[in-house]
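The values are calculated or read from the model by the stated rules, or taken from the named source; none is laboratory data. Quantities reported herein were computed from a predicted structural model and do not represent experimental measurements. A quick note on method: Cβ atoms are made from the backbone with ideal geometry, for glycine too, and the neighbour counts reach across all protein chains shown. Surface areas here come from the heavy atoms of the whole protein model, side chains and all, with no ligands, DNA or RNA. Shrake-Rupley method; radii C 1.70, N 1.55, O 1.52, S 1.80 Å.
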Amino acid sequence: YPWNVKLEARKKAIRRLPLVHSVAASGAVPGEEVATFLSNRRTNDALKQNRLYEMLACDPDYIEAYGLQVIAGRGFSEEYGDDVDKLVINETAVRNLGFASNDEAIGALVTVDAPMQIIGVVKDYHQQALSKNYTPIMLIHKDKIDWLPQRYISIVMTSGNPRELVSQVQEIWNRYFADSSFDYFF
């Protein structure tokens, strides 16, 4: 099976564990720099001025798993079926793109590799250390650009024994990725 099919199957298997509240896949997790940048601009920008934005590849469960606050529009959802060509951006990205308000950004197009529609704005959050300023971040659907990595599977646990959960997740990991090491942190 291709990597992404195995990744999705593994994620579903983990989600079924009784100690799991939610599971999300992403290219970065809060506490570290996103470190993948793409040159973007508003599609209707007459001057065609591109700027670099951090691009966080994530799945539809990421926003809820990390408690990000959607303050305009909506987050990614499997229900709509076409969210691969959509973006969710933070407040700093709204300002950097020149929108007067978060609501004004909803529905607007941003040219990444092709025009992509902004469907949501999340409240600024500290992606890195609390001492760092907010940076403009665009959340992009994990299936849009295949070279944007998904390096993390984040698991939000219900109450219970963390060791038991780690053991169960490792068992699932080994079933799908026997040749890869199982590394984890809290």
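Among the lysines of the chain, pairs that are 8 or more positions apart or on different chains and have alpha carbons within less than 29 Å of each other number 24. Computed from backbone phi with θ = phi - 60° and the Karplus coefficients 6.51, -1.76 and 1.60, the 3J(HN,Hα) list for the stretch 89-105 is 10, 8, 4, 5, 5, 4, 5, 5, 7, x, 7, 6, 8, 4, 5, 5, 6 Hz; x is used for glycine and proline. Reported to the nearest whole Å, the Cα centre-to-centre distance from the stretch 13-53 to the stretch 132-184 is 14. Considering the stretch 33-167, its Cα convex hull presents a mean projected area of 9.6 nm².
When ligands, DNA and RNA are left out and all protein chains stay put, how many square angstrom of accessible area per residue does the chain have with a 1.4 Å probe? Don't skip to the end; give the middle numbers.
Numbers: 10160 Å² over 186 residues.
In whole numbers, the chain has 55 Å² accessible per residue.
Across the stretch 25-104, the relative contact order, built from alpha-carbon pairs under 8 Å that are at least six residues apart, equals 24 percent. Here the Karplus curve 6.51 cos²θ - 1.76 cosθ + 1.60, taken at θ = phi - 60°, turns the phi angles of the stretch 115-120 into couplings of x, 10, 8, 7, 10, x Hz, with x standing for Gly and Pro. The sum of -39500 (n - 2.57) across all DSSP H runs of n ≥ 4, divided by the residue count of the chain, sets its helix-only mean residue ellipticity at 222 nm to -6000 deg cm²/dmol.
Shown here: the stretch 97-186, whose C-alpha atoms stretch 49, 31, 23 Å along the first, second and third principal axes, sorted largest to smallest. Taken over the alpha carbons of the stretch 143-186 as equal point scatterers, the Debye sum produces base-10 log I(q)/I(0) values at 0.20, 0.25, 0.30 Å⁻¹ of -0.78, -1.01, -1.18.
Amide hydrogen proximity for I71: with H placed 1.01 Å from N in the peptide plane, the residues at 5 or more positions away or on another chain lying under 5 Å are V121, V122, K123.
May I ask you to give the percent of accessible area on the stretch 31-172 that is carbon plus sulfur, with a probe radius of 1.4 Å?
46 percent
Entry note, the chain: relative contact order of 30 percent, from Cα contacts under 8 Å with a spacing of 6+ residues. Considering only S131, Q69, T92, and ranking their Cα positions along the charge dipole of the chain that arises from unit charges at the beta-carbon of Lys, Arg, Asp and Glu, the one farthest toward the positive end is S131. A cut-off of 5 Å between modelled amide H atoms, ignoring neighbours fewer than 5 places along the same chain, links V20 with T158.
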